[in-house]
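Participant: I'd like to ask you about the structure that follows.
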Amino acid sequence: MFENQDAAPGVDAIVIGAGFAGVRMLLELRRRGLTATLLEAGSDVGGVWHWNRYPGARTDTEAWVYCFPLPEMEQGWDWKERYPSRAEAQGYISRILDVYGLRDSVRLNERVTSARWDEGSRTWAVETERGTRLVSRFVFPALGQLSAPILPDIPGLDRFAGETYQTGLWPDGVDLAGKRVGVIGTASSGVQVIPEVAKVASHVTVFQRTPNYVNPGRNHALTEEQRADIKARYSQIWEQVAAHPQGFAMTMRGITYDDITDEERMAILTDGWEKGGFHFTWSTLDDIVVDKRTNDFVTDFFRARIREIVTDPEVADTLSPKGDPYAAKRPPVGHEYYETFNRDNVTLVDIKSDPIETVTEKGVKTGSAEHEFDVLILATGFDAGTGAYDRVDITGVDGRSLKDAWSDGAWTNLGIMVPGFPNLFMVAGPQSAYVNLPVAIEMGARWIGAAVGRARELGVTRIETTPESADRWTQITVSVVEQVPMFAAGEQLGSWLLGANVAGKPRRPQFFLGGSPAYQEALDAAATDGSYETLVMS
Ligand code: NA7
C-alpha cells in the first residue's frame, strides 16, 4: 500500500494537463493565491491543439468565442481567421501563460501515471512516467473531453508497411506530397484532413462507414476592421454566449415547426447554410433536435445541397446519410469537404456495402479490392469523456480506484467531483456541459475556484462530494438524453457523446447535454450563498 511520507504538501495544487482547461484552472488558482504546479505530458502546451497536428486541424467554433473572457487577452490577442487553426489555438493558450505570468508553474514532458489520496495527511501524491513525485492538498485533472485517441478494430493494422497516423496523435514533419493516401473515418477530424491531403497527395481513397451531415464552415481570414469590431464588442458577445444553449455568440430565433411554412423554413435554413458553421445548427430552427418534422426537413435540405455540390450522382448518394437524424451525432464542420469529392484524385469507398476485411502490408483490403497506399490516416476518434481519466491510475478513499467508482459509467457531481475522491476537481470532466468548450471550462473553473476559496475561508482542508449528489447529477444527464429524441438516436449511430463508439464501454451520457444556461443554473444552485450543500467540507 502506498505510503505518503510527505505529510506537508509541496504545493497547494497540482493541475494535470496544459490545454484550455488546465491553463484556465491554473490562472484561477493563482488569482486566488494558491501555489500550483501544472504537469503536462506533451513537449508543449495546448492540449488537443498540441497533439492534433494533422493538416486542416482547426476549431469548429468561431475565434471570438473560442476563448476566455479575459480582458487582457481580448484586447491583446489578434485572431487571424474565423476558425483558428490548430497552431493559432495553441498559440492562444501559450500566450495566456505569458500574459498572466504562469509559465514558471508549467512542467512539460511529465505524463502523470498515478494520483493517490492519503487520508492521514489529506493530500494527493501525483507521480509521472519519468519518476517525478509531487504532493499537494488539491488536484485538478484537466485531461480533456476528447483526448484519448482510439484505433479502429480492423485486423492487420500493424502489418501495414507504409506510414500510419492517427489524427489525434499526429507528429511533426509528415510529408504527404505525391503519396497514395488512404483515410479511414469521415467525422469531424476526417472531414478536416481529407480536403487538405487531397491538395498534395497523388491520390486519396476515403473509406466511409457512416455518412455525416457536414456543415459548411465558410472560413475566412479576419480583416483589421473585423478584428477591431470583435475587440469592441466583447461584452455584447459574452452576453449572447451566456444566453445561447450551446455557448455561441448566436441568437436562437424562437421559431418552431408550426410557426412557419415550408418556404419560410427553406429560407431560414438557406440563411444558416450561407452563414456556415454551427449557425446552421444553432441559430436557424429552435426545434431541430426535438421535433422529427423539423429534423426531417433539415435532412432533406442537406441531401439536396450534397446533390448540388457533388457532380457524380452516385458519389453524392454515398455521401448522403439516408435515414439518420441530423445532430444525433455532433455535426462535423467542413471546409470544401463535399467539393473535394469532385477532384480526380479522390475516391470514395462505401465500407458499409464493401466492408474492410483487413489491413495488409500494402494497404486496405475490402471485399471487392485491395487498395495500395504509402500512408494510412486513421481519423477514427476518441474514447470521449471518461477515456482520458481511465488512462491514469487515480486512487481515492480506502484505495478505491476511479475506474472502479465508474464501473457502471461516469458518476460525478456536475462533472467536477466524484464521491470518494476528496480535493479532486475535474476541469470540464465527464458529465460536464458539452457546449462550446471554453465556455464550459470558464464556468467550471470559476465554480471550482470559488469552492476551494470557500474551503480556505472556513479553514478546512478536505472537500468531498456526496454519493447522493452524484446519483442525482448522473440521473439528470441521462434524463436529458431521454427527453431529446435526436440525442437518444445517437446510441444506434455509435455517438461518442453517449460513449457508444467504444465497444464494451458502460453506456452513460459522457456529457450533460442540457445546454450551458442550464449547466450554469445547476452550478449556481450547488453554490447558493456559499453553502455548497452537496459538498462536505471538514
Ligand atoms: P469521431 O467523431 O468519433 O469519428 C470517427 C470516425 O471514424 C467516424 O467516421 C467513424 O465511423 C470512423 N470509424 C471509427 N472506427 C471505424 C472502423 N473500425 N472502421 C471504419 N470507420 C471507423 O472522431 P473525430 O476525431 O472525427 O471527431 C471527434 C471530435 O474531435 C470532434 O467532434 C471534435 O470535437 C474534435 P462511424 O461513424 O462510427 O461509422
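The values are calculated or read from the model by the stated rules, or taken from the named source; none is laboratory data. Fair warning: this is a prediction, and the values are worked out from it, not measured in the lab. A quick note on method: Cβ atoms are made from the backbone with ideal geometry, for glycine too, and the neighbour counts reach across all protein chains shown.
Participant: Quick one: how many residues across segment 510-538 are buried (at least 19 other Cβ atoms within 10 Å of the Cβ) and either free of Cβ contacts under 8 Å to residues at least 60 places away in the same chain or in contact with a Pro (Cβ under 6 Å, 6 or more places away or on another chain) (or both)?
Facilitator: Within segment 510-538, residues that are buried (at least 19 other Cβ atoms within 10 Å of the Cβ) and either free of Cβ contacts under 8 Å to residues at least 60 places away in the same chain or in contact with a Pro (Cβ under 6 Å, 6 or more places away or on another chain) (or both) number 1.
Participant: I'd like the full set of residues that are touching a residue at least 60 places away in the same chain (Cβ under 8 Å), charged (D, E, K, R) and over 13 Å from residue 54 (Cα atoms), limited to segment 172-211.
Facilitator: 179, 180, 209
Participant: Filter segment 399-420 down to the residues that are touching a residue at least 24 places away in the same chain (Cβ under 8 Å) and not small (Gly, Ala, Ser) and list them by number.
Facilitator: Of everything in segment 399-420, those that are touching a residue at least 24 places away in the same chain (Cβ under 8 Å) and not small (Gly, Ala, Ser) turn out to be 406, 408, 411, 412, 413, 414, 416, 417, 418, 419.
Participant: Sticking with this one: Need the failing condition index for residue 455 against (1) more than 27 Å from residue 293 (Cα to Cα); (2) not in a helix (DSSP H, G or I); (3) not charged (D, E, K, R), just the number.
Facilitator: The failed condition is (2).
Participant: Would you say residue 150 is within 16 Å of the ligand (Cβ to nearest atom), of a type outside the set (S, T, N, Q) and surrounded by fewer than 19 Cβ atoms within 10 Å (Cβ to Cβ)?
Facilitator: When the stated conditions are applied, residue 150 passes them.
Participant: When you go through 507, 446 one by one, which is the residue that is at pLDDT below 95, surrounded by fewer than 24 Cβ atoms within 10 Å (Cβ to Cβ) and either within 22 Å of the chain's Cα centre (by Cα) or assigned to a loop (DSSP other than H, G, I, E, B) (or both)?
Facilitator: None of the other options fit; the residue is 507.
Participant: Could you tell me whether residue 385 is within 15 Å of the ligand (Cβ to nearest atom), of a type outside the set (D, E, K, R) and at pLDDT below 95?
Facilitator: In short, no.
Participant: Sticking with this one: For the subset of segment 298-334 comprising residues that are more than 16 Å from the ligand (Cβ to nearest atom) and part of a loop (DSSP other than H, G, I, E, B), which member is surrounded by the most Cβ atoms within 10 Å (Cβ to Cβ)?
Facilitator: Selected residue: 310.
Participant: Can you work out which of the residues in segment 335-386 that are surrounded by fewer than 19 Cβ atoms within 10 Å (Cβ to Cβ) and of a type in the set (Gly, Ala, Ser) is farthest from residue 163 (Cα to Cα)?
Facilitator: That would be 353.
Participant: Name the residues in segment 130-156 that are more than 25 Å from the chain's Cα centre (by Cα) and either assigned to a strand (DSSP E or B) or within 29 Å of residue 435 (Cβ to Cβ) (or both), would you? Quick ask: steps written out before the conclusion?
Facilitator: Narrowing segment 130-156 to residues more than 25 Å from the chain's Cα centre (by Cα): 130-137, 155-156.
Across segment 130-156, the qualifying residues are 133, 134, 135, 136, 137.
Participant: Just the residues that are away from the ligand (no atom under 12 Å from the Cβ), outside any loop (DSSP other than H, G, I, E, B) and in contact with a strand residue (DSSP E or B) (Cβ under 8 Å, 6 or more places away or on another chain), please, taken from segment 339-354.
Facilitator: Those that are away from the ligand (no atom under 12 Å from the Cβ), outside any loop (DSSP other than H, G, I, E, B) and in contact with a strand residue (DSSP E or B) (Cβ under 8 Å, 6 or more places away or on another chain): 340, 346, 347, 348.
Participant: Give segment 517-532 a look and list any residue that's at pLDDT 90 or above and either over 26 Å from the mean Cα position of the chain (by Cα) or not in a helix (DSSP H, G or I) (or both), or say none.
Facilitator: Step one: list which residues in segment 517-532 are at pLDDT 90 or above, which gives 517-527, 532.
Residues satisfying the conditions are 527, 532.
Participant: Tally time: how many residues in segment 30-53 are touching a Leu at 6+ places or on another chain (Cβ under 7 Å), of a type in the set (Gly, Ala, Ser) and assigned to a loop (DSSP other than H, G, I, E, B)?
Facilitator: Final tally of qualifying residues: 2.
Participant: Only residues that are within 15 Å of the ligand (Cβ to nearest atom), of a type in the set (Val, Ile, Thr) and part of a strand (DSSP E or B): list them for segment 355-381, please.
Facilitator: 356, 358, 359, 364, 366, 377
Participant: All but one of (1) outside any strand (DSSP E or B); (2) free of Cβ contacts under 8 Å to residues at least 60 places away in the same chain hold for residue 127; state the number of the condition that does not hold.
Facilitator: That leaves (1) as the condition not met.
Participant: Kindly indicate which of 78, 104 is assigned to a helix (DSSP H, G or I) and surrounded by fewer than 16 Cβ atoms within 10 Å (Cβ to Cβ).
Facilitator: Going through 78, 104 in turn, the sole match is 104.
Participant: As an exercise: evaluate residue 93 against (1) of a type in the set (Val, Ile, Thr); (2) part of a strand (DSSP E or B); (3) under 25 Å from residue 386 (Cβ atoms) and give the number of the one condition it does not meet.
Facilitator: Going through the list (1) of a type in the set (Val, Ile, Thr); (2) part of a strand (DSSP E or B); (3) under 25 Å from residue 386 (Cβ atoms), residue 93 breaks only (2).
Participant: If you don't mind, another one. Out of 190, 182, which single residue is in a strand (DSSP E or B) and buried (at least 18 other Cβ atoms within 10 Å of the Cβ)?
Facilitator: None of the other options fit; the residue is 182.
Participant: Another question about this same structure. Can you tell me which of (1) part of a loop (DSSP other than H, G, I, E, B); (2) free of Cβ contacts under 8 Å to residues at least 12 places away in the same chain is the one residue 384 doesn't meet?
Facilitator: The failed condition is (2).
Participant: Of the residues that sit in segment 23-73 and are acidic (Asp, Glu) and within 16 Å of the ligand (Cβ to nearest atom), which one is surrounded by the fewest Cβ atoms within 10 Å (Cβ to Cβ)?
Facilitator: So the residue we want is 60.
Participant: I would also like to ask the following. Within segment 451-502, can you find the residues that are touching a Gly at 6+ places or on another chain (Cβ under 7 Å) and away from the ligand (no atom under 16 Å from the Cβ)? Walk me through how you get there before you give the answer.
Facilitator: Going residue by residue through segment 451-502, those that are touching a Gly at 6+ places or on another chain (Cβ under 7 Å) are 454, 480, 496-501.
Selection gives 454, 480.
Participant: Got at least one residue in segment 255-268 being within 17 Å of residue 333 (Cα to Cα), aliphatic (A, V, I, L, M) and not in a helix (DSSP H, G or I)?
Facilitator: No.
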